[in-house]
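The values are calculated or read from the model by the stated rules, or taken from the named source; none is laboratory data. Remember, predicted model here, so these are calculated numbers, not experimental data. Cβ placement follows ideal geometry from the backbone for every residue including glycine, while neighbour counts extend to all protein chains displayed.
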Amino acid sequence: MAFPNTSVTDIIATTIESRNKKIADNVTKNNALLARLNQRGNIKTISGGSTILEELSFAENGNGAAYSGYDLLSVAAQDVISAAQFQIKQYAVPVVISGLEQLQNSGKEQMIDLMESRLSVAEGTMANLLSQGIYGDGTAFAGKSITGLDAANPITATASQATAYGGITPATGTITTFWRSYCEGSIALPTSATVQGIFNRFWSNLVRGSDRPDLIIVDNNVWAAFMASLQTIQRITDPNEAKLGFPSVKYMDADVVLDGGIGGFAYTNGTTGGTAYFLNTKYLKWRPHKDRNMVSLSPNRRYSVNQDAEVAILAWAGNLTCSGRKFQGRVHTLP
């Protein structure tokens, strides 16, 4: 039978609750994209609903025209607004304590120390799971993971034209050209001699007036090529990004950030290739549910039926959403 020590369960639950804001902040700071979205104010909670909707404008108003004097003006109905739909995805990291451990750590201070250690591990696990999801395509965990950048920015132009994202298939309807990210397909791995030209080409294909990429996330190989292409005096760092722990330099007015390193986002076809995401974060949002943003799931209620143990669950729900896929790009290179 379970060890019915309610005071211990209270400690587990209240420790998670007291740390939930800290855990959420640490998850944000563990990922370059989330850090930027936090800076932009693009971390917005949801309060309910079966899906997360992101409204988007996919066409101009066809009534607009020049006129003279008493010319008739067109007032035809215009279908220019749609919405992308994203499923609510759920993540959980259970924190377990056995009856023996409760007895061995019976003093209040000892118990808090034990739970702090285990929550630190759970916090790191959750941060890693969410980061993997952010760079994934939503197929991990049998399709239950976050609909990440790999879904928003497929590795080829053909995939971008045919792959449904946010409930919209870009090859159908008037939204065809708007709902495609930019990718040239597989290109040679950038070198110090070619990386600037590749960046220039991608930049020019993702700019529309004042809309342009503000964050370029690269893996180890593209980072090495880009850094090698720069003179020392040309390396302009961003102190705001540095404070978050991400080394960065400037390309145009966008931050080039290494989010590779140890445990960084994985290249699809192996470690000898290279990937760079050109992101306009104006159109990206992190949408956690207000009641599941690093909280204890069903506190004070989870006892093992056939074990002397208790469980507290650190839980998160939400998704990464996009309202402007056309403004996102990806450099995808083969080994």
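Structure notes:
- Among the residues making up region 89-120, none is at pLDDT 75 or above and acidic (Asp, Glu).
- Of the residues making up region 149-166, those that are modelled with pLDDT of 85 or more and touching a strand residue (DSSP E or B) at 6+ places or on another chain (Cβ under 6 Å) are Leu149, Ala151, Ala152, Asn153, Gly166.
- Only one entry in Phe86, Phe141 is at pLDDT 65 or above and at positive phi, namely Phe141.
- Test result for His332, modelled with pLDDT under 85, buried (at least 20 other Cβ atoms within 10 Å of the Cβ) and out of contact with any Leu (no Cβ under 9 Å at 6 or more places or on another chain): yes
- Taking each residue of region 187-201 that is free of Cβ contacts under 8 Å to residues at least 40 places away in the same chain and looking for partners that are surrounded by 14 or more Cβ atoms within 10 Å (Cβ to Cβ) and among the hydroxyl-bearing types (Ser, Thr, Tyr) with beta-carbon atoms closer than 8 Å, six or more apart or interchain, yields Ser192/Ser229; Ala193/Ser229; Val195/Ser229; Gln196/Ser229.
- Scope region 196-228; condition at pLDDT 90 or above, surrounded by fewer than 20 Cβ atoms within 10 Å (Cβ to Cβ), outside any helix (DSSP H, G or I) and not hydrophobic (A, V, I, L, M, F, W, C); matching residues: Arg212, Asp214
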